[in-house]
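The values are calculated or read from the model by the stated rules, or taken from the named source; none is laboratory data. Keep in mind that this is a model prediction, so the values were computed, not measured. Methodologically, a virtual Cβ is constructed for each residue, glycine included, from the backbone with ideal geometry; neighbour enumeration extends over all protein chains shown.
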Amino acid sequence: MDQSSTLNDEEKSARTRYYSPYLEISKRSVDIICSVAFFIFFGWLYLLVCVGVLVTSGKPILYSQPRYKKDGKLFRLYKFRSMVADADGVLAAHLASNADARSQWNKYQKLIEDPRITKFGAFIRRTSLDELPQFWNVLIGDMSFIGPRPCMLDQKNLYGVDWKYYCAVRPGITGLWQVSGRNNLTYEHRVQLDVEYVKKLSVRTDIGIAFRTIYVVATGHGSR
């Protein structure tokens, strides 16, 4: 899936200003080397999660959804399925009948008590194991290890004038949002963190986020 949205001159300028050829080569090299190494050393985790999803909630094991990537193009993001089969219908019905949940969704784009999530799904989301298939997205170049989280199609308008910053880099498995509060933050704050990340983009910044991610995953900070 490689459909693209048209970037205006300002968006193209931001992409060029914040994503130098040096950073492009550095980040891409790290992405390829680390994703291959991850598959080699932690491939057994994929098998365990596959079995867990299959036994607790049946097929399908994987969930995919179109998201925005660098330059405003679309790609298909993969996750281990952590929700019931008719997740969209369940969410729509829940928001229609629950004003508090609707307000929470509009503010955070997340729910504290999400009726779509299965019991095993809650576990793999809390431990970030549901994100493992995205290492494939990293390997093929749709994503990077570190960057803004992939934006859903109906969330683009929430970026407003800051959309150009999101389009300047590859989206990441982890990023500044994940290590700064994650689901405890409003979506508006998430956008601000994406802009901050792009403006301060450097190898040092990525290394810092990588180490902070280890702590966040180990403690479950900000996940729900």
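Checking each residue in the range 81-111 for being crowded, with 16+ Cβ neighbours inside 10 Å, among the aliphatic types (A, V, I, L, M) and part of a helix (DSSP H, G or I) picks out Ala87, Val90, Leu91, Leu95, Ala101.
If you go through the range 120-156 and keep only what is among the charged types (D, E, K, R) and in contact (Cβ under 8 Å) with a residue 40 or more places away in the chain, you end up with Arg125, Arg126, Asp130, Glu131, Asp142, Arg149, Lys156. Count of the range 209-224 residues, restricted to those that are of a type in the set (Gly, Ala, Ser) and not in a helix (DSSP H, G or I), is 3. For the range 157-173, residues that are within 14 Å of the chain's Cα centre (by Cα) and either free of Cβ contacts under 8 Å to residues at least 40 places away in the same chain or assigned to a helix (DSSP H, G or I) (or both) total 2. Checked against (1) modelled with pLDDT of 90 or more; (2) among the small types (Gly, Ala, Ser); (3) touching a helix residue (DSSP H, G or I) at 6+ places or on another chain (Cβ under 7 Å), Ser180 passes all but a single condition, namely (1).
Condition check ((1) touching a helix residue (DSSP H, G or I) at 6+ places or on another chain (Cβ under 7 Å); (2) on the phi < 0 side of the Ramachandran plot; (3) of a type in the set (Phe, Trp, Tyr)) across all residues:
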| residue | (1), (2), (3) |
| --- | --- |
| Pro21 | no, yes, no |
| Phe38 | yes, yes, yes |
| Gly52 | yes, yes, no |
| Val55 | no, yes, no |
| Ser64 | no, yes, no |
| Asp71 | yes, no, no |
| Arg76 | no, yes, no |
| Phe80 | yes, yes, yes |
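What about Arg212, is it surrounded by 22 or more Cβ atoms within 10 Å (Cβ to Cβ) and over 22 Å from Arg81 (Cβ atoms)? So that I can check it myself, show each step before the final result.
Values: surrounded by 22 or more Cβ atoms within 10 Å (Cβ to Cβ): no; over 22 Å from Arg81 (Cβ atoms): yes.
Against the criterion (surrounded by 22 or more Cβ atoms within 10 Å (Cβ to Cβ) and over 22 Å from Arg81 (Cβ atoms)), Arg212 does not qualify.
Hey, among the residues in the range 124-155 that are assigned to a loop (DSSP other than H, G, I, E, B) and polar (S, T, N, Q), which one's surrounded by the most Cβ atoms within 10 Å (Cβ to Cβ)? Among residues in the range 124-155 that are assigned to a loop (DSSP other than H, G, I, E, B) and polar (S, T, N, Q), the one surrounded by the most Cβ atoms within 10 Å (Cβ to Cβ) is Ser128. Annotation: of all residues in the range 175-208 being touching a Gly at 6+ places or on another chain (Cβ under 7 Å) and not in a helix (DSSP H, G or I), the one that is surrounded by the fewest Cβ atoms within 10 Å (Cβ to Cβ) is Gly181. Residues in the range 85-119 that are within 18 Å of the chain's Cα centre (by Cα), within 21 Å of Asn157 (Cβ to Cβ) and without any contact (Cβ under 8 Å) to a residue 60 or more places away in the chain: Trp105, Leu111.
Mind listing whichever residues of the range 19-39 are of a type in the set (Ser, Thr, Tyr) and touching a residue at least 12 places away in the same chain (Cβ under 8 Å)? Steps first, answer last, please.
So in the range 19-39, the residues of a type in the set (Ser, Thr, Tyr) come out as 19-20, 22, 26, 29, 35.
The answer is Tyr19, Ser26, Ser35.
Hey, could you check the range 22-59 for residues that are of a type in the set (Gly, Ala, Ser), surrounded by 14 or more Cβ atoms within 10 Å (Cβ to Cβ) and over 15 Å from Gln134 (Cα atoms) and say which is modelled with the lowest pLDDT?
Within the range 22-59, the subset of a type in the set (Gly, Ala, Ser) is 26, 29, 35, 37, 43, 52, 57-58.
Checking the rest, the ones that are also surrounded by 14 or more Cβ atoms within 10 Å (Cβ to Cβ) come to 26, 35, 52, 57.
Checking the rest, the ones that are also over 15 Å from Gln134 (Cα atoms) come to 26, 52, 57.
Details: Ser26: 88, Gly52: 96, Ser57: 91.
Taking the candidates together, the pick is Ser26.
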